[in-house]
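Data first, discussion second: the structure below is written as structure tokens.
The values are calculated or read from the model by the stated rules, or taken from the named source; none is laboratory data. Because the structure is predicted, anything quoted here is derived from the model rather than measured. We place every Cβ from the backbone using ideal geometry, glycine too, and count neighbours over all the protein chains shown.
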Amino acid sequence: MSSSGVKELKIDDINEFYGKPYPLHFYPDFFKIPMTKNLKKVKATGEIITQEAPIVDVNGR
């Protein structure tokens with residue numbers, strides 16, 4: 001992630017996210033189910049999927 005993305009999401013230490021499952025808490029609830037399905041599909045098929053959604057910062061804003 002770019003330094004501007006880290007700043008906008010108000011992440012103090014990006015290293016906390018390395019080596020862990022995808023941080024779905026940055027996305028609104030309505031997006032989590034399709035995102036999870038697409039992540040599973042990509043893992044199973046290797047297909048490239050493009051998906052866009054608004055994100056929230058670490059404070060939920």
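Checking Phe30 against (1) more than 27 Å from Ser3 (Cβ to Cβ); (2) surrounded by 13 or more Cβ atoms within 10 Å (Cβ to Cβ), which test does it fail? The failed condition is (2). The condition (being of a type in the set (Lys, Arg) and surrounded by 10 or more Cβ atoms within 10 Å (Cβ to Cβ)) is satisfied by just one residue among Lys41, Lys20: Lys41.
Only residues that are part of a helix (DSSP H, G or I), among the charged types (D, E, K, R) and modelled with pLDDT of 85 or more were counted across the stretch 9-31, and they come to 1. Restricting the search to the stretch 33-49, which residues are in a helix (DSSP H, G or I) and either touching a residue at least 24 places away in the same chain (Cβ under 8 Å) or aliphatic (A, V, I, L, M) (or both)? Across the stretch 33-49, the qualifying residues are Ile33, Met35, Leu39, Val42, Ala44.
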